[in-house]
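First, the structure itself, so that you have it in front of you.
The values are calculated or read from the model by the stated rules, or taken from the named source; none is laboratory data. Predicted model only: the values in this text are computed from it and were never measured. As a convention, Cβ positions derive from the backbone with ideal geometry for all residues, glycine included, and neighbour counts pool all protein chains shown. Heavy atoms of the whole protein, side chains included, go into the accessibility calculation; ligands, DNA and RNA do not. Shrake-Rupley method; radii C 1.70, N 1.55, O 1.52, S 1.80 Å.
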Amino acid sequence: MNLTVEIPDDVAQRLNAVGGDLTRRALEALVAEEYRQGNLEKPDLRRLLGLETIDYTLDDLQRERAGLQRLGL
């Protein structure tokens with residue numbers, strides 16, 4: 001689904017002057033608000049924002065910690 005939002009030119013110019021991609025900022029604001037209201041779950045957030053999910057288990061963490069300890073870190 002594509003969503004179009006009409007913003008007056010003068011307001012859009014001020015918002016663009018702040019910096020960053022206005023389209024991305026609008027998407028992030030919508031997603032954050034819907035998550036806050038309980039309408040979205042974390043997997044929805046990742047999907048809507050294009051963030052990849054990494055399968056990372058407790059075993060992976062323990063293995064990495066052990067490796068860092070062997071290096072003295």
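Mind counting the residues in segment 49-64 that are assigned to a loop (DSSP other than H, G, I, E, B) and either touching a residue at least 60 places away in the same chain (Cβ under 8 Å) or on the phi < 0 side of the Ramachandran plot (or both)?
7
Condition first: assigned to a helix (DSSP H, G or I) and open to solvent by less than 80 Å² (accessible area, probe 1.4 Å). Now tell me which residues in segment 3-27 satisfy that.
Val11, Ala12, Leu15, Leu22, Arg25, Ala26, Leu27
Taking segment 26-51, which residues are basic (Lys, Arg) and at pLDDT 95 or above? Let's see the steps before the verdict.
Step one: list which residues in segment 26-51 are basic (Lys, Arg), which gives 36, 42, 46-47.
Arg36, the sole residue that qualifies.
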